[in-house]
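Only the coordinates and a few stated rules stand behind these numbers; no lab work does. All values derive from a computational prediction rather than experimental measurement. Note: ideal-geometry Cβ built from the backbone for every residue, glycine included; neighbour counts use all protein chains shown.
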Amino acid sequence: MKAGDELAPLEIPITRTLIVAGAVASRDYQDVHHDAVLAREKGSPDVFMNILTTNGLVGRYITDHFGPSARLRSVKIRLGAPNYPGDTMTLTGTVTVVEGEVAEVRVTGANGLGHHVTGTVRVAVPARSDSSEAS
């Protein structure tokens, strides 16, 4: 891994089930994340994804790319355009800095309305040891 490396994009369909399940799993019971009628009464066209679900999806994107030994050191994100049901969020990333076994990755998640999430993730990726060489 080196600065400038780009991660393969990950497309995530934004379903009502994903939005509601993420809110419930993170114990975020705000009605705008599970009740479309109340969300509309508050000015939103539909329920929308909470930041904790987005944070989890960003973490998954990084660990899926770097593998099972990868360890998230920090995740710093900002939300922009909401994720509504029926849209797709595409996560992309670029390695910006590598210091030993730790990489910093600039992440963007875009949907049909614009950037849903932007931020940086620091991830530790231990060097692989090939035990077959010891034979």
- prompt: What is the helix-to-structure angle for 51-66, meaning the angle in degrees between its Cα long axis and the longest Cα principal axis of the chain, kept from 0 to 90 and rounded to the nearest 10?
  reply: 30 degrees
- prompt: How high is the relative contact order of the chain, in percent, counting Cα pairs under 8 Å that sit 6 or more residues apart?
  reply: 28 percent
task: Return one number: the angle in degrees, 0 to 90 and rounded to the nearest 10, between the long axis of the Cα atoms of helix 16-25 and the longest principal axis of the Cα atoms of the chain.
output: 70 degrees
query: What ranking do 117-125, 63-71 get when scored by the average of other Cβ atoms within 10 Å per residue, highest first?
result: 117-125, 63-71
- prompt: What net charge do the residues around Val121 carry, taking every other residue with its C-beta under 15 Å from that of Val121, with Lys and Arg at +1 and Asp and Glu at -1?
  reply: +1
task: Kindly rank 107-115, 29-37 from highest to lowest mean number of other beta carbons found within 10 Å of each residue.
output: 107-115, 29-37
field: Residue with peak Gaussian network fluctuation, the chain [Cα springs, cutoff 10 Å], from Pro45, Pro13, Pro85
entry: Pro45
- request: Using just the helices of the chain, give the 222 nm mean residue ellipticity in deg cm²/dmol: DSSP H runs with n ≥ 4 each add -39,500 (n - 2.57), and the total is spread over all residues, rounded to 500.
  value: -7000 deg cm²/dmol
statement: Given the candidates Ala39, Leu10, Pro85, the one whose Cα lies deepest towards the positive end of the charge dipole of the chain, counting +1 at each Lys or Arg C-beta and -1 at each Asp or Glu C-beta, is Ala39
message: Can you tally the net charge around Thr15? Count Lys and Arg as +1, Asp and Glu as -1, for every other residue whose Cβ sits under 14 Å from the Cβ of Thr15.
response: -2
query: Which FRET efficiency value, to the nearest 0.05, do you get for Asp35 and Thr94 by plugging their Cβ-Cβ distance into 1/(1 + (r/R0)^6) with R0 = 35 Å?
result: 0.40
- request: Take the Cβ-Cβ distance between Ala25 and Leu72 as r, set R0 to 22 Å, and report the resulting FRET efficiency rounded to the nearest 0.05.
  value: 0.80
query: If you compute volume of the Cα convex hull per residue in Å³ for the structure shown, which of (i) 117; (ii) 108; (iii) 97 do you land on?
result: (i)
